[in-house]
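Structure, as structure tokens:
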Amino acid sequence: MRKFNKKNFFNTENIPLLMLYTIDHFFGNRPEYREYIDLYGKIHGLDRYALLAADGDTNGKWVYFDGKKEYAVQSWINKVDGKYSGLLLCVCNPGSHSPKSKKSILVVPDSDIDFTGIYAGRDPIFSLLVPRIGELDIYTVGYEMEQLKKQLD
């Protein structure tokens, strides 16, 4: 397996590794998150995941950068909402923003993300933002998963 190019982490040669790393980072310690998203998708006719992996910042709103251009994270969500069961936002969130979606579940970090291991900060906490339900975390996802399972019975 290739090593990450830490100098320019978000370049195209790193995409396959980034995807594997990101899914492991999102769900490695929280397999119930993935199970919840998959159940939710089954009920709502959605599947698969979309990933937004970019450098991010806050300037009154949550933004990400594509080269030198700045885009609102919410605009990306709006474009892909309802096409996938889960939208994985791998974008630094220094403002702890809580975006919205109408159909897809959002997996959102609460702070900056350090993929290089250079910084000694804490790892971000990823939460699920579920349409019409709100934020789920490790303490509430089990109960909500049981509610989904009842819908499948």
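At a Förster distance of 35 Å, what's the computed FRET efficiency of T58 paired with D153, Cβ-Cβ distance as r, to 0.05?
With a Förster radius of 35 Å, E is 0.25.
How much FRET efficiency would the formula 1/(1 + (r/R0)^6) give for D47 and I125, where r is the Cβ-Cβ distance and R0 is 30 Å, rounded to 0.05?
E(calc), rounded to 0.05, equals 0.70.
Can you give me the Kirkwood hydrodynamic radius for segment 30-123, using every pair of distinct Cα atoms, in Å to one decimal?
14.0
Past the 14 angstrom mark, what percentage of all C-alpha to C-alpha distances in segment 38-92 do you count?
Of the Cα pairs, 54 percent sit more than 14 Å apart.
Using DSSP, restrict attention to beta bridges with both residues in segment 48-103 and report what percent are antiparallel, rounded to the nearest 5.
50
No lab work stands behind these numbers, since they all come straight from the coordinates. As the structure is a computational prediction, the values presented were derived from the model and not from experiment. Note that each Cβ is placed from the backbone with ideal geometry, even for glycine, and that neighbours are counted across all protein chains shown.
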